[in-house]
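What follows is a single structure, written as structure tokens, with notes after it.
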Amino acid sequence: MMNNTLKALLLTSILPFAVNAEDGMTPWYIGAGIGLNDYEPNCDMKTMASCGEDDPYAWDVFGGFLFNEYVGIEVGYRDLGRAEFTDYSGNLNDIGVHGVTAGFVGILPLGDRWSFNAEAGAMHYLWYNNENHGSDYYSATDFAPYFGAGFGFNITDNFKLEMKYRRYQDLNDTEYNTYDLESNYWGLQLSYRFGHKSPQEVVVVIFDSDGDGVPDDIDQCPNTPFNEQVDAYGCTIYEDKIFKFEIGAEFDNNSAVVKEAAMTDVKKVADFMIEYPDSVVEVSGYASDVGAPNYNMKLSQRRADAVADILVKRFGIPQSRVTSKGYGITQPLIPGKSAAANKANRRIEAQVTGVEQVPLMRMERMEIIE
């Protein structure tokens, strides 16, 4: 009954199974091991007169298939070495066991690289005895259960080194019923798992606590207001606030002479600039859409220069703080050539900056509240 059960275990354990490889690693592996084996009982048997020179070195080769990271099956070939002794009949015995194995393996990960391993299966063994060094050779085959345990260390994703202990039960001479052996094995084995681990996708979580579009790790100005434009370092971008003054120069047609009535407006600009000594001004001249555009451009420039000259010479504003520019008919307040349009467009403006800076707003980020 026991032999039939072991044969069934051997057959079922080598059936092909299909699993999906994870992380680019296949479920298949191969390996080899070497170690020391001790048959028991041999020299401690009372029926033995003396021990000879044992050859305890054992080795094995194997291949396996992993259902998942915890369970797999393994088949292989193992040679358990020899034991030499002289029995009380004076016969020199040279006993050895080798054969194919199949069984299940269990793996319990212990951190990133270490693992605890257990195994159980059956060995279809050939038991042989060279009695009197070959004068009387006989052998037998049968199945024997084994179990084992050990620790493994993943050297790399592919290579694994394991320390093994195995116990083989009932390595019997079933043909002649002369010996009944057990076996203890200690050894090392190295296995190679096929495949290449796929690079892990790294998900980088970028935090932007103040919602300004600049990640927190490079944001040098946290908690900036939601609707302000920021630079590459998350700091608010500022621009000069423009203070605009209208100067009612009331130029005559085709004239750049500033009338005395306009001096009150010019003085307001000068007083403001004296109050803010870091301020600068651009005097802008504009013309109506009467006449040739090129001529009007030059005329608006002469008018702007005339007002700028008054700021410098009459009111003492340094020349370095005063500029002038003519815009001709390019920026009309009222389109057309009507009397009202001509009067409104024939004008002088003074734009003073350098007094204060204001944040540059991001209108597209502002919420519309109804």
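Just to be sure I understand, how many residues within segment 299-350 are in a loop (DSSP other than H, G, I, E, B), surrounded by 17 or more Cβ atoms within 10 Å (Cβ to Cβ) and out of contact with any strand residue (DSSP E or B) (no Cβ under 8 Å at 6 or more places or on another chain)?
Qualifying residue count, segment 299-350: 4.
Please go through segment 232-246 and pick out each residue that is farther than 30 Å from residue 349 by Cα and surrounded by fewer than 13 Cβ atoms within 10 Å (Cβ to Cβ). Give the steps one after another, and end with the answer.
Let us first name the residues in segment 232-246 that are farther than 30 Å from residue 349 by Cα, namely 232-235.
The answer is 232, 233.
Are there any pairs, at least 6 apart or on different chains, whose C-beta atoms fall under 6 Å, with the first in segment 288-305 and touching a residue at least 24 places away in the same chain (Cβ under 8 Å) and closer than 11 Å to residue 330 by Cα and the second in a loop (DSSP other than H, G, I, E, B) and charged (D, E, K, R), and if so, which?
288/346; 289/337
Given the conditions (1) part of a loop (DSSP other than H, G, I, E, B); (2) modelled with pLDDT of 85 or more, report the number of the one that residue 160 does not fulfil.
(1)
For segment 258-292, which positions are among the hydrophobic types (A, V, I, L, M, F, W, C), more than 60 Å from the chain's Cα centre (by Cα) and not in a helix (DSSP H, G or I)?
Passing the criteria: 258, 287, 290, 292.
Within segment 49-67, take every residue that is over 19 Å from residue 192 (Cβ atoms) and part of a loop (DSSP other than H, G, I, E, B) and give me the one that is modelled with the lowest pLDDT.
The extreme case among them is 52.
Within segment 253-305, can you find the residues that are closer than 25 Å to residue 336 by Cβ and polar (S, T, N, Q)?
253, 254, 255, 284, 288, 294, 296, 300, 301
What pairs come out if I take residues in segment 80-94 that are at positive phi and pair them with residues that are at pLDDT 75 or above and buried (at least 22 other Cβ atoms within 10 Å of the Cβ) whose C-beta lies under 6 Å away, six or more apart or interchain?
So the pair list comes out as 81/37; 81/58.
Can residue 92 be described as modelled with pLDDT of 80 or more and either aliphatic (A, V, I, L, M) or loosely packed, with under 14 Cβ neighbours inside 10 Å (or both)?
Criteria not met by residue 92.
Using the structure shown, decide if residue 223 is farther than 30 Å from residue 204 by Cα, without any contact (Cβ under 8 Å) to a residue 60 or more places away in the chain and not small (Gly, Ala, Ser).
no
Report yes if residue 214 is surrounded by fewer than 16 Cβ atoms within 10 Å (Cβ to Cβ) and of a type in the set (Val, Ile, Thr), otherwise no.
The answer is no for residue 214.
Which residue, of 70, 77, 29, is of a type in the set (Phe, Trp, Tyr), within 19 Å of residue 169 (Cα to Cα) and modelled with pLDDT of 70 or more?
On the way: 70 fails: within 19 Å of residue 169 (Cα to Cα); 29 fails: within 19 Å of residue 169 (Cα to Cα).
Going through 70, 77, 29 in turn, just one is of a type in the set (Phe, Trp, Tyr), within 19 Å of residue 169 (Cα to Cα) and modelled with pLDDT of 70 or more: 77.
State whether the residues of segment 300-318 include one that is under 60 Å from the mean Cα position of the chain (by Cα), farther than 20 Å from residue 250 by Cα and charged (D, E, K, R).
no
Looking at segment 181-207 only, could you name the residues that are of a type outside the set (Phe, Trp, Tyr) and either surrounded by fewer than 13 Cβ atoms within 10 Å (Cβ to Cβ) or touching a helix residue (DSSP H, G or I) at 6+ places or on another chain (Cβ under 6 Å) (or both)?
Matches in segment 181-207: 196, 198, 199, 200, 201, 202, 203, 204, 205, 206.
The values are calculated or read from the model by the stated rules, or taken from the named source; none is laboratory data. Computed from a predicted model, the values in this text were never measured in an experiment. Note: ideal-geometry Cβ built from the backbone for every residue, glycine included; neighbour counts use all protein chains shown.
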